[in-house]
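First up is the structure itself, then whatever we jot down about it.
The values are calculated or read from the model by the stated rules, or taken from the named source; none is laboratory data. The model shown is predicted, which means the values in this text are computed figures rather than measured ones. Neighbour counts are summed over all protein chains in view; Cβ atoms, including those assigned to glycine, are modelled from backbone coordinates with ideal geometry.
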Amino acid sequence: MTPDVYCYDVRQQTTVLLYGKREYAISSLYFIGERLIVTATDMKDYGLNQNRHFHIIEEGNLKCFKSFGLSIGNSVGTDVRLGMSRLYVEEEDRLLFVSTVDDHSEIMALYQTGALETLFEFKGSIDGLVKMNGDYYAIGLYRQHLQEIYRLDFEQNSVRLVTRYNREVLKDAYVAKPKPITFTSDGHKIKGFVLYPKDFDPEKKYKTILDIHGGPKTVYGQVYYHEMQYWANLGYIVLFANPRGSDGKGDAFADIRGKYGTIDYQDLMRFLDRAQKRVPAIDSNRLFVTGGSYGGFMTNWIVGHTNRFQAAVTQRSIANWVSFHGTSDIGYFFSKDQTAGHPLDDLERLWEHSPIKYARQVETPLLFIHSDEDYRCPIEQAMQFFTLLKEKGLDTKFVWFKGENHELSRGGKPQARSLRLEEMTTWFETHEKQIDKTGGR
């Protein structure tokens, strides 16, 4: 997290240490002309996830060149991204870079003078940026299409489609368009979305899935998400939102260290309340919830704190902050930062924010999906929670994917990704049928 910066002379084959104090988390190095720009943060105010500022190196020290404090890079989530390339263009007098703002990508320009401006708002996800023959092109997810190459006109703020590699895939498919739902929670503007199923009839009642993103410092945007579109095509209303903890709105909004399961849970439940008022077709007797990684944590938390969902699926989740400490490949420092505590000093705090503490309160049928090569959220997290629910006699199931990792839903083997989606959907449908037979839990 706090690396050194070296300069290697390829002609002389010599190395010079430019910065070695390890006081900052450094994420990127750029050039504006011949000036080296370092994106870094001291992590003092908002921890590991604190947004970066632009620095220069002077006499072995990092000196702030331009305060930024927003997201650098792209954190818009999807499960159809084939890949990404670099998200910046270096020029003689300026650096162009991608930033995540609210629920989409924007292109910013940092000039040699230190001036900073927004050049382009891309209402989607920029997954690659390049300059060719004086024009700018992006690989992007745009208007519910799969990845294509687009030409960007900064002056007109316009987008022109260049390729049609993936258009045929969705040509005859129903693709739901996200409809925004915004509200204020404790002074913060929260944005969420609803996908309506095919042939939606507002006079009918519809089964509904709340889908929670990972991170937590990522965002859901208005881009194509296969699992959500799949469910919309099966007749579900799908809800998704960016509660506090998400990216795109600055450090204070994203900071939930030591608050997991509190303000974020509150925002999600308020979003669901607002969605049910806005969309009366949502059937409150057929509500389901799922999420992966942080979304898996939140699914675990939700079922221990409310019974409003008829079934749930938790994926690659965290259940126990105490045993999770020091076991993730994200780094030994991660859990202490996110929980604002240490198991030897703050055991009660970690336990208080662990979904497993509330296992005896769980009444919602819960399906666990986890991969045995997941080193981000080790599989023992799901095993612990599943075991307690099994001992309790709850309707639960564990689907263990061998040879898959934390990226199962986004980059797993096709057959594994297909099976995952089938298991989740079957779980929801099975418990929907049980509701029809019994009238609810």
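Taking the options Val5, Val10, Val38, name whichever one is of a type outside the set (D, E, K, R) and free of Cβ contacts under 8 Å to residues at least 12 places away in the same chain.
On inspection, the qualifying residue turns out to be Val10.
I need a count of the residues in segment 222-260 that are over 15 Å from the mean Cα position of the chain (by Cα), among the charged types (D, E, K, R) and in a helix (DSSP H, G or I).
The number of residues fulfilling the criteria is 1.
Surrounded by fewer than 20 Cβ atoms within 10 Å (Cβ to Cβ), aliphatic (A, V, I, L, M) and within 21 Å of Thr426 (Cα to Cα), is that true of Leu239?
The answer is no for Leu239.
Can you name every one of the helices (runs of 4 or more DSSP H) wholly within segment 268-366 that holds 1 or more residues which are out of contact with any Phe, Trp or Tyr (no Cβ under 7 Å at 6 or more places or on another chain) and acidic (Asp, Glu)? First the steps, then the outcome.
Numbers: elements: 294-303, 321-324, 334-339, 347-352.
Filter on segment 268-366 gives 334-339, 347-352.
Would you be able to tell me the number of residues in segment 389-416 that are over 29 Å from Gln434 (Cβ atoms) and either in contact (Cβ under 8 Å) with a residue 60 or more places away in the chain or not in a loop (DSSP other than H, G, I, E, B) (or both)?
Here the count works out to 4.
Please specify each residue of segment 113-147 satisfying the condition of being surrounded by 18 or more Cβ atoms within 10 Å (Cβ to Cβ) and over 19 Å from Ser99 (Cα atoms).
Within segment 113-147, His145, Leu146 meet the criteria.
With the structure loaded, tell me whether Ile379 is in the same structural domain as Val238 (by TED's automatic domain parsing), in contact with a helix residue (DSSP H, G or I) (Cβ under 8 Å, 6 or more places away or on another chain) and surrounded by 15 or more Cβ atoms within 10 Å (Cβ to Cβ) or whether it fails that test.
In short, no.
Would it be correct to say that Asp102 is in contact with a strand residue (DSSP E or B) (Cβ under 9 Å, 6 or more places away or on another chain), at pLDDT 95 or above and surrounded by fewer than 13 Cβ atoms within 10 Å (Cβ to Cβ)? Working first, answer last.
Numbers: in contact with a strand residue (DSSP E or B) (Cβ under 9 Å, 6 or more places away or on another chain): yes; at pLDDT 95 or above: yes; surrounded by fewer than 13 Cβ atoms within 10 Å (Cβ to Cβ): no.
In short, no.
Any idea how many residues of segment 198-221 are part of a loop (DSSP other than H, G, I, E, B) and touching a Phe, Trp or Tyr at 6+ places or on another chain (Cβ under 6 Å)? Walk me through how you get there before you give the answer.
Just the residues of segment 198-221 that are part of a loop (DSSP other than H, G, I, E, B), to begin with: 198-205, 213-218, 220-221.
Of the ones still in play, those that are also touching a Phe, Trp or Tyr at 6+ places or on another chain (Cβ under 6 Å) are 198, 213-216, 220.
Matching residues across segment 198-221 total 6.
How many residues are in a strand (DSSP E or B), among the β-branched types (Val, Ile, Thr) and over 23 Å from Ile72 (Cα atoms) if we restrict to segment 1-47?
3
Within segment 295-333, work out how many residues are crowded, with 24+ Cβ neighbours inside 10 Å, more than 22 Å from Tyr236 (Cβ to Cβ) and out of contact with any helix residue (DSSP H, G or I) (no Cβ under 6 Å at 6 or more places or on another chain).
The total comes to 1.
How about segment 192-214: which of its residues are crowded, with 21+ Cβ neighbours inside 10 Å and of a type outside the set (A, V, I, L, M, F, W, C)?
Of everything in segment 192-214, those that are crowded, with 21+ Cβ neighbours inside 10 Å and of a type outside the set (A, V, I, L, M, F, W, C) turn out to be Gly192, Pro197, Lys207, Thr208, Asp211, His213, Gly214.
Would you check which residues across segment 81-93 are in contact with a Ser or Thr (Cβ under 9 Å, 6 or more places away or on another chain) and either part of a strand (DSSP E or B) or within 18 Å of Asn157 (Cβ to Cβ) (or both) and list them?
Within segment 81-93, Tyr88 is the sole residue that qualifies.
What's the number of the only condition in (1) under 22 Å from Phe288 (Cβ atoms); (2) modelled with pLDDT of 95 or more; (3) out of contact with any Asp or Glu (no Cβ under 9 Å at 6 or more places or on another chain) that Lys198 fails to meet?
Answer for Lys198: the failing condition is (2).
Look at segment 62-80 and say how many of its residues are part of a strand (DSSP E or B) and surrounded by 12 or more Cβ atoms within 10 Å (Cβ to Cβ).
5
Quick check on Leu141: is it of a type outside the set (Asp, Glu), modelled with pLDDT of 95 or more and farther than 30 Å from Ser418 by Cα?
Answer is no for this residue.
If Tyr375 satisfies all but one of (1) of a type in the set (Phe, Trp, Tyr); (2) part of a loop (DSSP other than H, G, I, E, B); (3) in contact with a Phe, Trp or Tyr (Cβ under 9 Å, 6 or more places away or on another chain), what's the number of the condition it fails?
(3)
What number of residues within segment 109-126 satisfy the criterion of being assigned to a loop (DSSP other than H, G, I, E, B) and either over 14 Å from Phe31 (Cα atoms) or free of Cβ contacts under 8 Å to residues at least 60 places away in the same chain (or both)?
Going through segment 109-126 one residue at a time, the tally reaches 4.
Working carefully through the options Ile139, Ile57, find the one that is more than 25 Å from the chain's Cα centre (by Cα), part of a strand (DSSP E or B) and in contact (Cβ under 8 Å) with a residue 24 or more places away in the chain.
After ruling out the rest, the residue left standing is Ile57.
Any idea which of (1) surrounded by 16 or more Cβ atoms within 10 Å (Cβ to Cβ); (2) touching a residue at least 40 places away in the same chain (Cβ under 8 Å); (3) over 25 Å from the mean Cα position of the chain (by Cα) is the one Leu48 doesn't satisfy?
So Leu48 meets the others, but not (3).
Being hydrophobic (A, V, I, L, M, F, W, C), without any contact (Cβ under 8 Å) to a residue 60 or more places away in the chain and either touching a helix residue (DSSP H, G or I) at 6+ places or on another chain (Cβ under 9 Å) or assigned to a strand (DSSP E or B) (or both): is that true of Phe193 here?
The answer is yes for Phe193.
Looking at Gly47, Gly69 in this structure, which one is in contact with a helix residue (DSSP H, G or I) (Cβ under 7 Å, 6 or more places away or on another chain) and within 20 Å of Glu121 (Cα to Cα)?
When all the criteria are applied, what remains is Gly69.
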